[in-house]
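Note sheet for the following structure.
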Amino acid sequence: MINTTSSSNSMMSSSVTSTNGAQSPGLKTYFKTPEGRYKLQYEKTYPAGLLHFAHGKTVTQVTLAHLKDKPTQTAQPSSSSLGVSSGVRSAAARLLGGGNGSRALGFVGGNGGSKSVSGTNRVGSLGASSSNGLLGNSNFDGKGTYLIFNAGDVILISDLNSQDKDPIKSIHFSNSNPACHAFDPDAKDGHDLLIGLNSGDVYSVSLRQQLQDVGKKLVGAQHYNKDGCVNNSRCTGIAWVPNGDGAFVVAHADGNLYIYEKSKDGSADPSFPVIKDQTQFSVAHARYSKNPVARWHICQGSINTIAFSTDGAYIATVGRDGYLRVFNYNNEQLVCGGKGYYGALLCCAWSMDGKYILTGGEDDLVQVWSMEDRKVVAWGEGHNSWVSGVAFDSYWSAPTSDGTGESIVYRFGSVGQDTQLLLWDLEADEIVVPMRRPPGGSPTFSTASQSSHWDSTCPVGTLQPAPSMRDVPKLSPVVIHRVHTEPLSGLNFTQESVLTVSREGHIKIWIRPGSAESQSSNSGSLLSTSLKEKPLFPGKAGSTGYKQMT
């Protein structure tokens, strides 16, 4: 497959000028969906001249981080405060700490009451000095929603709720480039942000503490795998274990995944046995009570992405070898998986109910995998180049949903190196199973399992070969929109917006239909409703169960 740039599609309308300046020629500042128009609200990026020669050696990824009230706060909060009750905290944990990367909810206004920044005191030097009340203040509460993204040798922190294009903080790394990061909104000891580097080094820090400090270096960091003493290959993915009490996992470019525990000594235990067969899954535990506590050898070649199911029961990996693998995390067992149609798989994401997994990769396809059937159940065709980011939209509801419980409709999105954002709708009850192609005839379709790919549920622990193109139902996108001039690396959904991320460190925030009016008319209600518990199921209500696998 070759990398191409898609032409504008029929769903686009005429160009307009965004609030952050003129758009590049041919780019539109809105796109239409069945539920209405998404508008470009504002953009985030890094200041000109910040990055040096190191830029380009890593791909920009974005983590959404929601800081709650300071743990030491004892005053009785009002009913509109964020993160103040166990119910709200539980909802936030489900919405913000799921396996698809930490989600956060956007709302009107800046983070904190002192967010107003003039042109003279804004942190243009990114932490070198600050007269702004947001930074350099040990009493800074920091409550709010932030974008954390990497570009070159820098980690950048931006206020999601401010229209300022430049970030409010930068953290520089002298010896290696940051490659991945993750945030835990319910961290108990303050260390809620993980950062993995190209060198294999891993840091855990307090996001609030970084915002309080005026310098350009990490402060109060715990250092793991120092100088690559356990594994010196590039960190390719990092994630907190949901409900894991401080446990986190780090994936590397050599096919290994390591499990760490914050409560244990940060000094490394490199005494893992030699891997006898690079092609087979194997688990080794540390001999001593040090980090990392375990090593999982996943595959031969790089692990490209890891993702936990929302409840933390399963972890999915995709890799250079083109396979999706799903493991029971607690039992350390391979549950299921299979090969993509062609080339490497680059990204994966879970549905909130844990029933489906999305993958994307070098075959230009978006694949939908069923945990119940343990196989591919649909392919999405629409990208013209590699698919680099996928995510379910857990905040979307089907416009025609009548609450009868007869069907569940999932909305998900994908981005690729073709610079396009695609949105898809999947109605689980309407997946049509292709029949075998008759000799000399055209393919027909049936709701019965006539194809060999569908004959039976795959046994637990089986990796399936790539199915034939004719054996899998095809999905068509409901939206195709060229959102950047550069190849894209990821996307995130919040309650009010969709974020698209380019490989080069440019982020666009697209406001959902009706959100702009709601924000301008009633920002207070958004503050109080942003953390309302989201149902685990999109669209219409349905069954909550799926097959449990050991």
State, to one decimal in nm, how far the label point of Asn243 lies from the label point of Tyr342, with both points 7 Å from Cα in the Cβ direction. 4.2 nm
To one decimal place, what orientation-averaged projected area in nm² is obtained for the convex hull of the Cα set of region 163-250? 6.4 nm²
Using alpha carbons only, how many angstrom separate the centre of region 343-387 from the centre of region 467-518? 15 Å
With a 1.4 Å probe and every protein chain kept in, tell me what percent of the accessible surface of region 193-335 is carbon plus sulfur. 43 percent
Region 144-193: equivalent-ellipsoid semi-axes (sqrt of 5 x gyration tensor eigenvalues, Cα, Å): 19, 18, 8
Let me check against my output: what whole-number percent is the relative contact order of region 276-341, with C-alpha pairs under 8 Å and at least 6 apart? 20 percent
From the cross-link list Lys165/Lys217; Lys217/Lys508; Lys39/Lys143; Lys39/Lys355; Lys28/Lys169, which pairs have alpha carbons spaced over 24 Å apart? Lys217/Lys508; Lys39/Lys143; Lys39/Lys355; Lys28/Lys169
Expected unfolding gain across Gln333-Ser282 under the 0.36 nm per residue rule, minus the alpha-carbon gap, is 17.4 nm
Just to check I understand the Karplus step: with θ = phi - 60° and J = 6.51 cos²θ - 1.76 cosθ + 1.60, what whole-Hz values come out for region 491-496, glycine and proline as x? 8, 9, 10, 10, 5, 9
Taking the radius of gyration and the Kirkwood hydrodynamic radius from Cα positions alone, what is the Rg/Rh ratio for region 249-305, to two decimal places? 0.97
Segment Ala48-Glu486, extension gain: residue separation times 0.36 nm, minus the distance between their alpha carbons: 156.0 nm
With every protein chain left in place, what is the accessible area per residue of region 231-272 in square angstrom, probe 1.4 Å? 33 Å²
Report the Cα centroid-to-centroid distance between region 186-214 and region 251-290 in angstrom, as an integer. 21 Å
Run the paramagnetic zone check for Val274: 7 angstrom along Cα to Cβ, then residues of region 219-242 with backbone nitrogen under 20 Å. 229-233
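The values are calculated or read from the model by the stated rules, or taken from the named source; none is laboratory data. Being a predicted model, the structure only gives us computed values, none of them experimental. Virtual Cβ from ideal backbone geometry, glycine too; neighbours counted across all protein chains shown. In case anyone asks, the SASA skips ligands and DNA or RNA and just uses the protein heavy atoms, side chains included. Shrake-Rupley method; radii C 1.70, N 1.55, O 1.52, S 1.80 Å.
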